[in-house]
Amino acid sequence: MKAVVLKIRRLFLAGLLVTLPLAITILVFKFAFETLDNFLGPIVTHLLRQAGLPIAQNYQTPGIGVVATFLLVLLLGLFTTNFIGRKLLRLGEWLLAQIPVIRSVYIGAKQIIDTIALSGNQSFSKVVMVEYPRKGIYCLAFITGRTKGEAQARTGKELINIFLPTTPNPTSGFFLLVPSEDLMEMEMTVEDGIKMIVSGGLVTPPFAGETETTGANNGDSLPGRTPISDKTG
């Protein structure tokens, strides 16, 4: 019975990790569409009537909210990618962080959105396991590329750049340069790795060789390290 409850909880959390970001995105855009529609609709109708178009006073121009939201997001993206915009954005986030209730909602939503962006980040090529912060303790990390330049030349080893995220917010973490022989390449996808980290291990992707690992508890040998393939960028 306990195993069934644990299975249901894992499935529920897996579904929640998928549906929650989608639900928040839909609610945010729905709010933006309706707000801009209600605000800009009468203005556009008035301008069209002023231009001599034969339309009713209460006519609602379709698609105004969608177009306005798209342009607003585009302008915000353009604004926040420059130096002054980034400074003002940090200031705005700091001000929101001082308001108790809004702070919880904003930070939670931002972390979810950052996590979505992180899971779709093409810079992460593979999931690996590394012994950190000491031998015998393992962490999941993501390969970002092969080490080049001075760091590679001075060590004389084949180093791999990895990002080691924190739980439950994987948008922060550590950048490590690790010898390739100290990394174990995983079969799970980057998205599955993100889910496992965010859930603190409650959501674990299925693994075909799981029976081998289970057998290792009875004295069998564990699967060895899988070398990092040459496909790493």
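The residues in the stretch 135-170 that are farther than 20 Å from ILE197 by Cα and in contact with a helix residue (DSSP H, G or I) (Cβ under 7 Å, 6 or more places away or on another chain) can be counted, and the count is 3.
Quick grid of which residues meet (1) touching a helix residue (DSSP H, G or I) at 6+ places or on another chain (Cβ under 9 Å); (2) modelled with pLDDT under 80; (3) in the same structural domain as ILE194 (by TED's automatic domain parsing); (4) in a loop (DSSP other than H, G, I, E, B):
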site	(1), (2), (3), (4)
GLU34	yes, no, no, no
HIS46	no, no, no, no
GLN60	yes, yes, no, yes
ALA68	yes, no, no, no
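The combined condition, being under 25 Å from the mean Cα position of the chain (by Cα), exposed (fewer than 13 other Cβ atoms within 10 Å of the Cβ) and modelled with pLDDT of 80 or more, is not fulfilled by LEU95.
Assess whether THR155 counts as being more than 19 Å from VAL190 (Cβ to Cβ), crowded, with 18+ Cβ neighbours inside 10 Å and among the β-branched types (Val, Ile, Thr). Answer is no for this residue. Filtering the stretch 159-190 to residues that are charged (D, E, K, R), surrounded by fewer than 16 Cβ atoms within 10 Å (Cβ to Cβ) and either under 30 Å from LEU6 (Cα atoms) or at pLDDT below 90 (or both) leaves only GLU187.
The values are calculated or read from the model by the stated rules, or taken from the named source; none is laboratory data. Not measured: the values here are computed from a predicted model. Positions of Cβ are generated from backbone atoms using ideal geometry, with glycine treated the same way; all protein chains shown enter the neighbour counts.
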